[in-house]
Amino acid sequence: MRMYKVIIVIAIIFIITDIVLRPRKMKLKVKNTSKNSIILKHLNNVICKNKRFCKLKEEYISKLKVINQKDRDTNETCIIKYIFLDIIISIAVLIILISTLTMWYAVLVIFISVFYLILYAGIMFIKKKTSKIQEQFPIALQCFVDEYIVNKNIKNAINNSYSKMPGEIGAVFEMLARELSGGEKYKESIFNFANNLSYIWGYSFAEILVMSYEGQGDITEELLFLSSLVSEEITMEEESKSNNFGNKLTFMILNSVTLLGFIINIVFNKLSLNLYFYTPTGNLLLVCWLIVFILGILTISIFEKT
């Protein structure tokens, strides 16, 4: 009986996912608003009621803009859809847990953990992509400096250098070149570039460009000094990353082995299945493992930021 419930819940998840992610026809966009658009709009309004969540959403919209070069509305819809699917999957898991687990606190903790882990996976995906772009910044800076030394002109240096940069960071500089070609709001364009990049050296680079626009003149020395600082910082960061990577890899291997052992145990041993899902002690063990796993992830994230 429980297996039928699980199958029904999984089917519902696939149906809702298909409805949300299915491409909409143009005539429907023009004449009326689809039901899933209304749901996403209401979800967005709920998120925006909390200033902290709204600020966090805007931050990741900017990061996505750097990654995929799409407009704000498209990226906002993408993030809201992801959160909506996270909620649907978490609720589906909640329904399954209610019919299997004994203790209410275990159901609640696992439900919250599933929601958090899915959200965390999306955040980590965006961070990984933006981190790759940030790692390309020293090469991009050197390309720009080489062109600036020849041209002594910021716009020309950007226009001539972005095609020589690695693809991801090159697209970011190309976007800056297009905005600067507009002419008037140079300061806003430069600081939007830095905010979207979300990199400390990107802000320093932006400050130097603004100084030049505001009458500083030749900024060759400042750019060369910045380039040397970036090179030194990158060397230090690589050493720190190697240590953190080792700790992170060990943590993930241990938890993967634990999860694999747990799955094998409940599949081939009915006594273990009954122990974990239908007894208070087993529920407590599941909750404790999840809490330790999440605390481990949070600790690693804190160490990566420091």
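What follows draws every value from the coordinates through simple rules; no lab data is involved. On a predicted model such as this, the values are computed, not experimentally measured, just so you know.
Key figures for this structure:
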quantity: Solution diffusion estimate, µm²/s, Stokes-Einstein, the stretch 244-306, Kirkwood Rh from C-alpha pairs, 10 °C, viscosity 1.306 mPa s; calculated: 122 µm²/s
quantity: Length-normalised contact order for the stretch 137-218 - Cα pairs under 8 Å, 6+ apart - percent; calculated: 21 percent
quantity: Links that overshoot a 26 Å alpha carbon limit, given the list 51/185; 128/164; 164/248; 81/155; 41/128; 127/185; calculated: 51/185; 164/248; 81/155; 41/128; 127/185
quantity: Stretch gain in nm, segment residue 123-residue 42, where the contour uses 0.36 nm per residue and the Cα spacing is subtracted; calculated: 27.0 nm
quantity: Inter-centroid distance (Cα atoms) of the stretch 50-79 relative to the stretch 179-209, Å; calculated: 18 Å
